[in-house]
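Trainee: I have a structure I would like to understand better, so I am pasting it below and will then ask my questions one at a time.
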Amino acid sequence: MKHTRKMKITKLQRESVRLPVSGASRQTGVQPLVVRAHCPVCEREVETLTQKQAAEVLEMNDQTLAGFIAAGQVHAMRTVSGSVRVCKDSLFITSPAKHTKDAKGGS
């Protein structure tokens, strides 16, 4: 007795999908996804950035930004996975970059 099997062949086609982005990273050229989260200081849902992205926006290094976060000048929250997300709105309330220039004796 000869056994026969029925097979169904499905052809998959890859498709590019554009996702909404907040802007391209200058160094990598990769466009990050917009991540919204509740900022406990602003008490509302805001767009968030990674610590590196926020440092790029403010044109400072990660360590300087970490100091502003610790001082409470920039709002940040820790995710469940342990990474830090920075409140985008807090970057423009009082610009930490201005404080850095003033501290160095700049105008």
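Trainee: With respect to S22, is the statement that it is touching a Pro at 6+ places or on another chain (Cβ under 8 Å) and either surrounded by fewer than 12 Cβ atoms within 10 Å (Cβ to Cβ) or modelled with pLDDT under 65 (or both) true?
Mentor: Spelling it out, S22 is indeed touching a Pro at 6+ places or on another chain (Cβ under 8 Å) and either surrounded by fewer than 12 Cβ atoms within 10 Å (Cβ to Cβ) or modelled with pLDDT under 65 (or both).
Trainee: Of the residues that sit in the range 74-94 and are of a type outside the set (A, V, I, L, M, F, W, C) and within 12 Å of A54 (Cβ to Cβ), which one is surrounded by the fewest Cβ atoms within 10 Å (Cβ to Cβ)?
Mentor: Looking at residues that are of a type outside the set (A, V, I, L, M, F, W, C) and within 12 Å of A54 (Cβ to Cβ), I get D89.
Trainee: Could you list, in sequence order, the residues of the range 59-100 that are in a helix (DSSP H, G or I), at pLDDT 90 or above and more than 21 Å from R44 (Cβ to Cβ)?
Mentor: Passing the criteria: D62, Q63, T64, L65, A66, G67, A70, A71.
The values are calculated or read from the model by the stated rules, or taken from the named source; none is laboratory data. All values reported here derive from a predicted model rather than from experimental measurement. No Cβ is skipped: glycine too gets one built from the backbone with ideal geometry, and neighbour counts run over all protein chains shown.
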